[in-house]
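Participant: Following this message is one structure expressed as structure tokens.
Please treat every number below as a calculation from the coordinates, not as lab data. Every value quoted in this text rests on a predicted model; they were computed, and no experiment measured them. We place every Cβ from the backbone using ideal geometry, glycine too, and count neighbours over all the protein chains shown.
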Amino acid sequence: MNAAVDAFDDPALVRLVTQRTRAAGSSFYWGMRLLSRPRRLAMYAVYAFCRDVDDIADEPAAPDDKTAGLDAWRAEIVEVYEGQPTRQLGRALVGPVKMFALAREDFLAVIDGCAMDGGGSMLRPSLAMLYLYCDRVACAVGRLSVSIFGEPSADGIAVAAALGRALQLTNILRDLRADAGIGRLYLPDELLAKHGIDGSDPETVLAHPALPSVCAELGGLAKRHFDEADRAMARCSRRAMRPARLMEAMYCGLLRRMEAKDWHIVDARVRVPSALKLWYVLRHGIF
């Protein structure tokens, strides 16, 4: 059977990636729904992979166990590219890899990014370290995504870079309290030092009165990357970029809501209302 003709002839694999993606409850699900069946299921498989490695990094396990889990996935990716995966989810990746010429390096980058989380290095990182993290856990996923969308061009890769950074920085601002609860502090050292915030204890940093100023600056960086993504998307196929435009709209809406709170967002979980999400889906799914 040629996996590049139909990535999902196996109903069990279709159920696996579909159920894992739906269960995650992510806004990304709606962007994926805009795609044709082969592209949609390929995105489900990539998303399920990302969730799996992210769960390894987030689980309350010993560092050595997390390292072993991520190393096992590195070995599985090698097997995926040799056409001999041992995991069911690895089998689900074989078709998309062949059909859309997905780069092995991007899957490995995602694993490396999750290793940064699991290894405890994301505690007041430098801005350079934060951007390396964004490239691995977000931009690499973007590079896989634009290939599946049908825009693997230089402009598509530029969208992946800019939008990946913008989405990840927005996530960091949204999840400050949740991340602190598991001992993580993604706010960059340079911005914290600029506003007189010392130390790396997450709860202490979140309680500092200058925190909204730090958040405002990081939000400004996110907006700059959204603008970069817009310029790159304007040079791409509008149809291919529909899922990316939908995600951009949802996350820009999230960023605006945090800004409207003057960045007092630590204990106020900010969400985009369901009705507004539906409007975004209709707008970007039809036009």
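Participant: What does the charge count around Asp189 come to, taking other residues whose C-beta lies under 15 Å from its C-beta (Lys +1, Arg +1, Asp -1, Glu -1)?
Facilitator: -1
Participant: A further question on this structure: If we count other beta carbons within 10 Å of each Cβ, what is the order of Asp175, Asp198, fewest first?
Facilitator: On the way: Asp175 15, Asp198 11.
The order, fewest Cβ neighbours first, is Asp198, Asp175.
Participant: Go through Phe28, Ala45, Val97 and say which Cα lies farthest out towards the positive end of the charge dipole of the stretch 1-103; charges sit on Cβ, +1 for Lys and Arg, -1 for Asp and Glu.
Facilitator: The Cα lying farthest towards the positive end belongs to Phe28.
Participant: Same structure, new question: Under a Cβ-only charge scheme (Lys and Arg +1, Asp and Glu -1), can you give me the dipole magnitude of the stretch 1-103 about the Cα centre, in debye to the nearest 20?
Facilitator: 660
Participant: Based on Cβ point charges of +1 for Lys and Arg and -1 for Asp and Glu, what charge dipole magnitude is obtained for the chain about its Cα centre, in debye rounded to the nearest 20?
Facilitator: 1560
Participant: Rounded to the nearest 20 Debye, what is the dipole magnitude of the stretch 88-166 about its Cα centre when Lys and Arg each give +1 and Asp and Glu each give -1 at the C-beta?
Facilitator: Rounded to the nearest 20 debye, it is 140 debye.
Participant: Do you know the Lys pair count in the chain for C-alpha distances under 30 Å, with sequence separation 8 or more or different chains? Display every interim value, and only then the final one.
Facilitator: On the way: Lys66/Lys98; Lys194/Lys223; Lys194/Lys261; Lys223/Lys261; Lys223/Lys277; Lys261/Lys277.
Final tally of qualifying lysine pairs is 6.
Participant: Find out how many positive minus negative residues lie around Ile157, taking Lys and Arg as positive, Asp and Glu as negative, among other residues whose Cβ is under 11 Å from that of Ile157.
Facilitator: My count for the surroundings of Ile157 gives -2.
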